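The block underneath contains the structure these notes are about, expressed in structure tokens.
The values are calculated or read from the model by the stated rules, or taken from the named source; none is laboratory data. Quick caveat: nothing in here was measured; it's all calculated off a predicted structure. Heads up, the Cβs are rebuilt from the backbone with ideal geometry, glycines too, and the neighbour counts pull from every protein chain shown.
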Amino acid sequence: MTIKAITKLIKERKSTYAYDFSEKEIPKNTIEDIVENALWAPTHLHTQPWRFIVLKGKHQQELGEFMADYYREMYTEKKFSNERFEATKNYSKNATLLAVIFKPNKKAKLPEWEELAAIACGVQNMWLSCTALNIGCYWDTSVATMKYGKSIDLDGDEKFLGIFYMGHLKNEIQFRKRKRKSLSKKLSYDYKN
Ligand SMILES: Cc1cc2nc3c(=O)[nH]c(=O)nc-3n(C[C@H](O)[C@H](O)[C@H](O)COP(=O)(O)O)c2cc1C
């Protein structure tokens, strides 16, 4: 593997939203290959503080309906038109929805931020895996989705950390222009004498 190949994969990784997903389902073994790669993320003290749940069946319709109702209540009709309301109702119907769950490791008692950082590494592994498989995806932690997550049955100490959406892409998608601030703004050197 070359750094050039890795850099290409990293830069091609992107957020693709469910409006751009086709009806074609992602097979179970592909979902499992993707999640398996999440499990190889680094964790302090090897805590592996996660589990993932594929939300199937009625979830796919009900999540969209929940979002539509949530935004309808939040915004005026002018800001959230009937057209958007109807589209949002069907937003998640073609998506493979993977709930990301934080399962604290009681023995290790690490600061929560370390565990969340590790989970984000796991999600990045899935994001890159999807990129390599030409599967669209993104991590959704919007307020509506976080509220929907309350309906998922979790153990008392677990926390819902949003949904990782995945889907095969429709043809001829117009991808957004993506850019990043320059390295010089984000990297500095501290020379200690
Ligand atoms: C922790 C986390 C939560 C995110 N939550 C949302 C979200 O709720 N809604 C959304 O549209 N995008 C969400 N995103 C995706 C970001 O908006 C996206 O990564 C960012 O715009 C950069 O675009 P790119 O992924 O195509 O490079 C989330 C990303 C991360 C890392």
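What are the residues in the stretch 98-117 that are touching a residue at least 12 places away in the same chain (Cβ under 8 Å), within 13 Å of the ligand (Cβ to nearest atom) and not aromatic (Phe, Trp, Tyr), if any?
The first filter runs over the stretch 98-117 and keeps only residues touching a residue at least 12 places away in the same chain (Cβ under 8 Å), leaving 98-106, 108, 110, 114-116.
From the residues that got through so far, the ones that are within 13 Å of the ligand (Cβ to nearest atom) too are 100, 102, 116.
VAL100, LEU116 - these are the residues of the stretch 98-117 that are touching a residue at least 12 places away in the same chain (Cβ under 8 Å), within 13 Å of the ligand (Cβ to nearest atom) and not aromatic (Phe, Trp, Tyr).
Does LYS181 fit the bill of being modelled with pLDDT of 95 or more, away from the ligand (no atom under 14 Å from the Cβ), of a type in the set (D, E, K, R) and farther than 30 Å from MET74 by Cα?
Details: modelled with pLDDT of 95 or more: yes; away from the ligand (no atom under 14 Å from the Cβ): no; of a type in the set (D, E, K, R): yes; farther than 30 Å from MET74 by Cα: yes.
No; evaluated as a whole, the condition is false for this residue.
Checking the condition assigned to a loop (DSSP other than H, G, I, E, B) and either within 13 Å of LEU133 (Cα to Cα) or not hydroxyl-bearing (Ser, Thr, Tyr) (or both), which residue from ILE6, ILE10, ILE31, ILE26 passes?
On inspection, the qualifying residue turns out to be ILE26.
Here is a check on your reading of the model: is LEU98 under 21 Å from MET126 (Cα atoms) and crowded, with 17+ Cβ neighbours inside 10 Å?
On the way: under 21 Å from MET126 (Cα atoms): yes; crowded, with 17+ Cβ neighbours inside 10 Å: yes.
So LEU98 passes the test.
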Complete set of residues in the stretch 61-82 that are surrounded by fewer than 19 Cβ atoms within 10 Å (Cβ to Cβ) and closer than 17 Å to ASP20 by Cα: GLN61
Selection within the stretch 129-176 - among the polar types (S, T, N, Q), in a loop (DSSP other than H, G, I, E, B) and more than 20 Å from LYS93 (Cα to Cα): GLN174
